[in-house]
Amino acid sequence: MRHAGTETIETERLVLRRLLPEDAPDMFKNWASDPAVTRWLRWEPHKDVFETYALLTAWAELYKNPDYYQWAIQKKASGEVIGAISLVDDLLGEAYRDKWTGVDLSDGIWEPGYCLGRAFWGKGYMTEALRAVVDYWFTRTDGSWLTCCHAKGNPASGAVMKKAGFVYDHEAQYHKFDGTPVDCLVYRLTRADYEAFCHKR
């Protein structure tokens, strides 16, 4: 599969760029320390900014890999980093691999994951970022499809997925890093459906 790595993407209001150690203060303040943001994510809130810095330092080493996709979501107007969005292969492991029908899994199960600071919810930023990453995937790589999922208790995330063209596929379950199970709804977006969606918007 042809990969593109994490290159900068610009939208009307946002810059999606590599998330770096110097972004630790914004990341910690805006979302990594907030239990309301991490409630449906697999990881727990960070205890201090040093934990955030250590994580970003480790992630920065991965950008040399062409199949590593991790973006900061930065507001153009202020330069503030307000969230993050990534593309990860097989994020949920074997949890729903056997549920896909008629889909080629040979290149992996690539899934966007995202989070946004609570102060920036409801303003369309996440939809804008997800659409940009989906566009990047289908124009810069030869991947044939994407999947996406959200916790049943977090329908707002599902609304974002639908606005980016994803279509509901099936129910599944993922586990947080501490083993806690979370029931979720799984969506997918094929290249053909993406092209049809682009014609409509």
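Could you work out the local net charge near VAL167, counting Lys and Arg as +1, Asp and Glu as -1, over the other residues with Cβ closer than 9 Å to its Cβ? Let's see the in-between values first.
Working: positive: LYS162, ARG188; negative: ASP169, ASP193.
Overall, the nearby charge balance is 0.
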Which percent of Cα-Cα pairs in the chain sits in each 5 Å bin, short to long?
1, 7, 16, 20, 22, 19, 11, 4, 1, 0
Full-extension gain between ASP142 and MET1, please, as 0.36 nm times their residue separation minus the C-alpha to C-alpha distance.
50.1 nm
In terms of modelled amide H atoms, which long-range or inter-chain residues lie less than 5 Å from the amide H of GLU80?
LYS75
With N residues in region 1-105, what two-decimal value do you get for its Cα radius of gyration over 2.2 N^0.38 Å?
1.20
Counting Lys +1, Arg +1, Asp -1, Glu -1, what net charge surrounds ASN30 among other residues with beta carbon under 13 Å of its beta carbon?
-1
Taking the alpha-carbon distance from LYS47 and a cut-off under 30 Å, which lysines remain once sequence neighbours fewer than 8 residues away in the same chain are dropped?
LYS29, LYS64, LYS75, LYS76, LYS123, LYS152, LYS176
How long are the three semi-axes of the equivalent ellipsoid of region 125-177, in whole Å, if each is the root of 5 times an eigenvalue of the C-alpha gyration tensor, listed from largest down?
21, 14, 10
Compute, for the chain, the length of the dipole vector about the Cα centre, with Cβ point charges of +1 (Lys, Arg) and -1 (Asp, Glu) only. Units Debye, rounded to 20.
700 debye
I need the P(r) histogram for region 79-189: all alpha carbon pairs, bin width 5 Å from 0 out to the longest distance, whole percents.
2, 11, 22, 24, 21, 13, 5, 1, 0
Taking the Cα centroid of region 1-34 and of region 99-163, what is the distance between the two, rounded to the nearest whole Å?
15 Å
Environment charge of ASP178, counting only residues whose C-beta is closer than 9 Å and scoring Lys/Arg +1, Asp/Glu -1:
+1
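Computed from the coordinates by the stated procedures, all read-outs in this text should not be read as laboratory data. Note that the coordinates shown come from a computational prediction; the quantities given were computed from them, not determined experimentally. Because the Cβ atoms are built from the backbone with ideal geometry, glycine has one as well, and the counts that use them run over all protein chains shown.
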